[in-house]
Every structure is written in C-alpha cells, then in structure tokens.
Amino acid sequence: MRMVAAEAGVSVMTVSLALRNHPSIPGRTRNRIQRIARKMNYRPNALVATLMAQIHSRRPDSESPVLGLVRESEASDLLNSVPYYQDLLQGARERAQALGYLLEDFFLEPGDEAGRQLHRILHTRGIRGVILAPVFRPGGTTTLPLDGLASCALGYSLHEPLIHRIGSHHGQMMELVWSKLRERDYQRPGFIYTYANLERIRYGLLGGFVAQQILHPELPPVPPLILPKLPETPAEEAECLRDFRKWFRRHHPDVLVAPPWVLMDGIRRLIRIPEEAGAIFFDYGLGWTEVREQAEHIGSGAVDVVVAQIHRNETGVPPFPKTVSINATWIEGDTLPPRKAPVAK
C-alpha cells in the first residue's frame, strides 16, 4: 500500500480509503489510485482485511461492531407481527451475533432527504454494512444512498437499485409442489395469487407454476387466478370471492396452490376443503399443508453476504449483483390427502 501511495503521490490513508471506495475520496482520485493499484498487481491480504473491518466498525466503547437493518418506518408493525418476517429478522440477528456483530434497527422515513440523513448517520456511526428489509412502498425503491456501504436485500421486493439479494427459490418451490401433487394423483392444480404481490417478487412464483404446466402437458392446464390485491374491506373481499367462485366453477381445479389465507374463511364457505379441492399454502398455517420458506436461513444468509463484502472492501451498488436462492421445505398437513392409495413398489 505504501508503494501504491508513493506512485500516486498521496498518503497511505488516502490509498486505503480509495481502495475501499470510501465516499470521502473524490471519484476521479479513487479511480486513479485503483488503476495504479491494479497496474502494480496490488492484492489485499484477506486476514488483514477481516481484522481491519472489525476495527473500523467497532464502537468506541469496544462493544460489538454494528450492522444496520434498514426498515421502512411505516412497515414496522407488519415486520414485527407476521411470522415469516419475524423469522426473517430473527435469523439475521442470530447470525450477526454469531459473527460478532450487533444488528441494529434503523427506520427509513419517506423522502430523499430522509435517505440522505440516514446515510449520514450510518457514516458518522462508522457502520459499513446494511441489510435492507422487505420494502412495501410503490415502485420497490429505497432512498438510502449506498455509497461506502456493503449491502444485501432480503427477498425480491427491492427493485431499484439492484443490489445483492437473497430470497426463496421460487422455481424449486413449484417443483416441490408438483412432485407432491403427482404422488397424490392430483390432476388440475390451480394457482391463486395477487398482482400486487407477484409484482413485488418479480413474478417468480407465477413463472415457476407456468413452467411446471409446460413440463407436464399430460395434465389439463388450469389458468391461474390472479386477483388485483389482498382485500382490505368487506366489499373487496366479496369481489375477490366472486372472482374465485366464477374461476372455480369454470375450471374445476382439484387443488388450490397458494390461496391467500385472508380469503380462506370465505373460500371454505363456497367449497369443502379438502373434499372438493385440496390446498397447499405458502403462508404459515396451523395444521395446513405448506411449502415453508426458510425465512430464518434467508435472514442468516443476508448477514453472510454483507460481512463478506466488508471483508473484501466492496461497497456501493455492485456492477453485477448476485441473487442467492434458498430452497423451501414441505410441511405435511391436513389439506392435501392422497386422491388414491399409492401404488405398491
């Protein structure tokens, strides 16, 4: 590093900051120093980088270094009350603790200035890595500048900027569904979801379902029922149930895949489950047959992604963001009985 500093005509500290893409160093200077470092075949020592990452992010009172968990202020109650999100955040906290970090909540208010203010707070606190909780604001964007920060998004709801993210493997989830349906002789699976939630997850589940329909042409295809959004009023619930009744009577699915739990009371008034149609849920449900997303492992993996970036001195919006997918598991319940006895092998 001293040799790079001598070649560039700057201090060693300036070289150190430039190689970490620190925002205090002007962009032209950073690029010039990084070009010189590459020309001189500079390579960081991984063990030293790990130690320095811990030192730079440590609090003055020698407590654990801090990672930021950035949450939209208006979504706080939702993240704290829904079991999936509870497991997601708990998995992140436990993994951070295991790696010697403290995961601290930071609430992001709406507006660009609020994002810039939070960035200043993180910089002043010496926090070098952030995990972005699922977002619910229209457009799937964040106003938090990521200069000087290692980052990872939980799930697929953050659409802009595109950064490293970790979420459920939607293709594997539908493969798992189809394998269980074939074992139990279901012939007409029908997928139910909302446009709003499909847009948030970039249509991964819908793509996985349609792919399985294409891969199994021997089964009659049932068109998915895509509702506008989850109902928030009795009138909206009644409209969703009317759409469901019309779809069910026309296409006769023998199993409902991912029906929203908020509609289940109404659906059960219209049809008998599992007698008329089985059901596979993607929500946490008492006694339901589920495809269980491994939320705690998604949260844990996000911490690993951020810490690895800190150790490599990688910050900002990555030029080639990576997506990590976590497989789901099957939870047996009482809503998907076999249609016939299994054939003896």
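Numbers for the structure displayed
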quantity: For the stretch 182-254, with +1 on Lys and Arg beta carbons and -1 on Asp and Glu, the positive-most of CYS240, LEU215, TYR203 along the dipole; calculated: LEU215
quantity: Percent RCO, i.e. relative contact order, over the stretch 285-345, from Cα pairs under 8 Å lying at least 6 residues apart; calculated: 63 percent
quantity: Computed over the chain: relative contact order in percent, which uses C-alpha pairs under 8 Å that are six or more apart; calculated: 21 percent
quantity: Given charges at beta-carbon only (K, R positive; D, E negative), |dipole| of the chain in Debye; calculated: 1460 debye
quantity: Angle in degrees between helix 170-183 and the longest Cα principal axis of the chain, rounded to the nearest 10; calculated: 30 degrees
quantity: FRET efficiency for GLU314 and ALA196, using Cβ-Cβ distance with R0 set to 30 Å, rounded to 0.05; calculated: 0.35
quantity: Sequence ranges 116-122, 301-307, ranked by mean other-Cβ count within 10 angstrom, highest first; calculated: 301-307, 116-122
quantity: Inter-label distance for ARG43 and MET13, nm, one decimal - labels placed 7 Å from Cα along Cα-to-Cβ; calculated: 3.0 nm
quantity: MET264, MET173, MET40 arranged by Cβ crowding within 10 Å, fewest neighbours leading; calculated: MET40, MET264, MET173
quantity: Antiparallel DSSP beta bridges within the chain, percent to nearest 5; calculated: 10 percent
quantity: Nearest 10 degrees, 0 to 90: helix 234-251 Cα axis against the chain principal axis; calculated: 60 degrees
quantity: Cα Rg, Dmax, the chain, angstrom units; calculated: 24.4, 79
quantity: Student exercise, the stretch 119-208 dipole from Lys, Arg, Asp, Glu Cβ charges, in Debye to nearest 20; calculated: 180 debye
quantity: Peptide ranges 131-138, 312-319 listed from the most packed, as the mean C-beta count within 10 angstrom indicates; calculated: 131-138, 312-319
quantity: Structure-based [θ]222 nm, the chain - -39500 (n - 2.57) summed over DSSP H runs of at least 4, per residue, nearest 500; calculated: -13000 deg cm²/dmol
quantity: Residue-count net charge about GLY115 - beta-carbon cut-off 15 Å; Lys, Arg +1, Asp, Glu -1; calculated: -3
quantity: Between helix 46-56 and the chain: long-axis angle, C-alpha atoms, 0 to 90°, nearest 10; calculated: 90 degrees
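Quick note: the coordinates plus some simple rules give every number you see, no bench work behind them. From a predicted model like this one, the values you see are computed outputs, not experimental measurements. With ideal geometry, Cβ positions are generated from the backbone for all residues, glycine too; neighbour counts draw on all protein chains shown.
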